[in-house]
Structure formats: structure tokens, C-alpha cells
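Read the structure below first, then the notes.
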Amino acid sequence: MNEKLITVTTPLLPPLDEFIPYLEDIWKRKWLTNNGHYHQQLEKELCEFLGVKYISLFSNGTLGLVTALQALKITGEVITSPYSFVATTHSLWWNNIKPVFVDVDPVTLNLDPAKIEAAITPMTTAIMPVHVYGTPCDMDAIQKIADTYGLKIIYDAAHAFAVKKDGESVLNYGDLSILSFHATKTYSTIEGGAIICHDEKMKQRIDYLKNFGFADEVTVVAPGINAKMNEVQAAYGLLGLKYVERAIESRKVAADKYKDELKEVDGLTFMADFDNVVSNYSYFPIFIDEQKFGMSRDSLYQKMKDNNVLGRRYFYPLISSFSTYKGLPSAGVQNLPVANKAASQVICLPLHHELSTEDLDRIISIIKS
Ligand SMILES: *Cc1c(COP(=O)(O)O)cnc(C)c1O
């Protein structure tokens, strides 16, 4: 096998020569972390870019999730989706909160609002939905439930950078939203993340919490953590902002070609296009119906691999099937039929800004042959 390896994603690396002047300036300033010049500038530019009011940068998205739960003082039980990256549920575990899994909607693969109420108990304090693959949750329905039962909403928006619904950033919904800027995401600061909030007091509180709880030199207001983003990564992020729109445009071209050429394939489906949604084309999941497609999902995954094309079975296995969580009453397969089915059928195809037409043709022909 000597064909070029095609990976599921590739990092959005800005030109190195454009990064060097940032490094030279950081060396000159001798200020490497703790709310430095580039940190402040990136928070400001991200607010403008994303159309949000307050953003607090983090060293990664997982610590953003963990800290968001601390900021809202969430305890007891939290309703969440099993169809996500494992960090979503881990953030609850790290806060001593019991995850309660609710099944997903078959069209969006996001938390199904119709099934949330049945999972609410006197211990429930919050809902943690995920905008999986960047598809917006049914945010109005979820808000209505939260209002009725007095629950907080923390969105895992790790996939939803720059996603809009009805012209409005999805990050403006709920109490808090968390982004991830990991190297594999559409927009990256190598490792990194952020919490988006809607008022200055909350922003202040989150900023204390990510810096050990320090409010000033001699005052510690809470048992905070260290989750600060450093200057080198903030500068990398600033430069990345200049390239991310073009990268999303290239992703769209690839996603459109997949849709065009795979739509007639028997036993293969992909996500619908949603009305009034500005997508970031962060993933291209396909779903394989073994009977109709004539081959199992895992066989297709392996066949792609044998041909030097790496897909990813995101999100398989389901979070609810991992050893930490599988004993929970809500983790049973019968409670989560839609999520289990999606997990058994999914392959995320390669999708990034450097895929050429030849790469895409190769991937498509492997799937079709
Ligand atoms: C990537 C991801 C995270 C974790 O973010 P990190 O920055 O890697 O810590 C959390 N949730 C989801 C849905 C993710 O995809």
C-alpha cells in the first residue's frame, strides 16, 4: 500500500513565518501567562468573531467543562447525552455529580427534549447537552424545560465554533457554553478551550476559578484550579483566526462533494441540512446500514484503513458503555436505543481544509466499490 495516507483531520497550522514575530514579541515582553497581552487580545477578538459577550480562555475544553460546573455550583444529578466525546461525562464525574443519560433525537443526534422530563428527579440540578458535530440542539425546548424545573444549562459546544442558528451564535443560549480549541478541532490553539457567559460577574467568577480562586494577591475566594491559557497559545489562536474562515470554506467544499456523490449509495446516510443554521463543517459522519449497504460498518472502516484512509468511529463506543458509567441505571441499552444505533453505524469521514479533489475521489471510490 503506497498511496498517500489520508487522516480524518489535520491541524490548521498558520504559516510559521507569520508566527515568528508573535514569538519575538512575547520574548520581548517576558510575560508568558496569567492574562497577558495576547490572552486579552484573543478574548476580545473571539468575542467579536463569535458574536458573544464574554469569553474566558482555558488551557483545554475539559477544564472548561469542569470549571463551568463549579462556577454554577452544580451538584446532585445532571442530565446529559451519551453520544459525545467522553470528556462531557468525565467533567461531571470530576465534580462528584451523577450523570443521567437521556437518549438522543434520531435526526440531530442531540439530547432529545421529549425524553428529558422523565429523567428529572429531586436531585437534578442541570442539563448538559452537546451540539454534536456542530448541529444545534433544540435550544428553545431545552430552555423551556430548564425554566419549568429550575435547572441550569451548560452546553458542551466543543464542536460548535462559529455555528449560528437563525443568525445568532448557539453560544448565546443556556447559562454557559464550552468550546474546545484542541488541535483536532476546526479552530485550535493547539490545546485550549473557553467558557462563554452572558454577564460580567460570571466572567469574573470564572476567571477567579481558573486561577486557583485568586481574586487579588492576598484573597482566595474559592478552591479554584489552574486552567489558564498561556501567551504562546493565545498568539497562535490570534493568527489562526485569520485563517479559520477559509478553512471552514474548504471543509464545506469537501462536505458538499461527499453529499453529492454519496447520496445515492444504498444503506449509507448522512446528517440532514438544517434550516437557518450556519454550519462549521467540523465533521462528516456517515451511517452504515449493514443489510442494505452489504457490508458492516466495521468492515468498511477496516477497508478504508487498508487503503490508507483513516475514518473515526465518532462516537463509538458510547460514553454510557465505558466501565465507569455502564453500571448507572440510565446507561442501559434499552434506555438509549437511538444513541446505541448511531454508535453502531457511524464513521466520520476525513474532513479538513487540505483535502484535494483527488483525495476525496479516492475516499468516495473506496466507499462505493
Ligand atoms: C474535544 C471535546 C471535548 C474536550 O475538549 P479538550 O479541549 O480536548 O479538553 C469535550 N467535549 C467534546 C464534545 C469534544 O469533542
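The values are calculated or read from the model by the stated rules, or taken from the named source; none is laboratory data. These numbers come from a predicted model, not from an experiment. Here the Cβ is made from the backbone with ideal geometry for all residues, glycine too, and neighbour counts use every protein chain on show. Please note that ligands, DNA and RNA were not included when accessible areas were found on the heavy atoms of the full protein model with its side chains. Shrake-Rupley method; radii C 1.70, N 1.55, O 1.52, S 1.80 Å.
Here the strands (runs of 3 or more DSSP E) wholly within segment 124-215 that include at least 2 residues being farther than 24 Å from residue 237 by Cα are 124-128, 152-156.
Taking residue 248 as the residue in question, decide whether it is open to solvent by less than 60 Å² (accessible area, probe 1.4 Å), within 16 Å of the ligand (Cβ to nearest atom) and either part of a helix (DSSP H, G or I) or β-branched (Val, Ile, Thr) (or both). So residue 248 does not fit the description; no. Within the option set 8, 78, being in a loop (DSSP other than H, G, I, E, B) and either open to solvent by less than 50 Å² (accessible area, probe 1.4 Å) or assigned by TED's automatic domain parsing to the domain that holds residue 176 (or both) holds for one residue only, 8. Restricting attention to segment 62-75 and to residues that are within 13 Å of the ligand (Cβ to nearest atom) and open to solvent by 10 Å² or more (accessible area, probe 1.4 Å), the residue that is nearest to the chain's Cα centre (by Cα) turns out to be 62. Within segment 1-24, the residues that satisfy the criterion of being farther than 29 Å from residue 254 by Cβ and without any contact (Cβ under 8 Å) to a residue 12 or more places away in the chain are 20, 21, 24. As a summary of the residue check, residue 107 satisfies the conditions (1) open to solvent by less than 60 Å² (accessible area, probe 1.4 Å); (2) closer than 30 Å to residue 269 by Cβ; (3) of a type in the set (A, V, I, L, M, F, W, C) except for the one numbered (1).
For segment 187-219, taking the residues that are among the β-branched types (Val, Ile, Thr) and open to solvent by less than 10 Å² (accessible area, probe 1.4 Å), the one that is nearest to residue 252 (Cα to Cα) is identified as 189. Based on this model, can you work out whether residue 333 counts as open to solvent by 30 Å² or more (accessible area, probe 1.4 Å), among the aliphatic types (A, V, I, L, M) and in contact with a helix residue (DSSP H, G or I) (Cβ under 8 Å, 6 or more places away or on another chain)? Yes: the conditions hold for residue 333.
Every condition in (1) open to solvent by 40 Å² or more (accessible area, probe 1.4 Å); (2) of a type in the set (A, V, I, L, M, F, W, C); (3) assigned to a loop (DSSP other than H, G, I, E, B) holds for residue 222 except the one numbered (1). With respect to the conditions (1) touching a strand residue (DSSP E or B) at 6+ places or on another chain (Cβ under 9 Å); (2) closer than 24 Å to residue 169 by Cβ, residue 248 lacks only one, and its number is (1). Within the option set 255, 227, being in the same structural domain as residue 345 (by TED's automatic domain parsing), touching a strand residue (DSSP E or B) at 6+ places or on another chain (Cβ under 6 Å) and modelled with pLDDT of 95 or more holds for one residue only, 255.
When 76, 51, 64 are screened for being within 17 Å of residue 195 (Cβ to Cβ) and touching a Ser or Thr at 6+ places or on another chain (Cβ under 6 Å), only 51 passes. Here residue 47 fulfils each of the conditions (1) under 14 Å from residue 179 (Cα atoms); (2) away from the ligand (no atom under 16 Å from the Cβ); (3) in contact (Cβ under 8 Å) with a residue 12 or more places away in the chain; (4) out of contact with any helix residue (DSSP H, G or I) (no Cβ under 7 Å at 6 or more places or on another chain) apart from (3). Checking 124, 148 one by one, the residue that is away from the ligand (no atom under 16 Å from the Cβ), of a type in the set (Val, Ile, Thr) and open to solvent by 60 Å² or more (accessible area, probe 1.4 Å) is 148 and no other.
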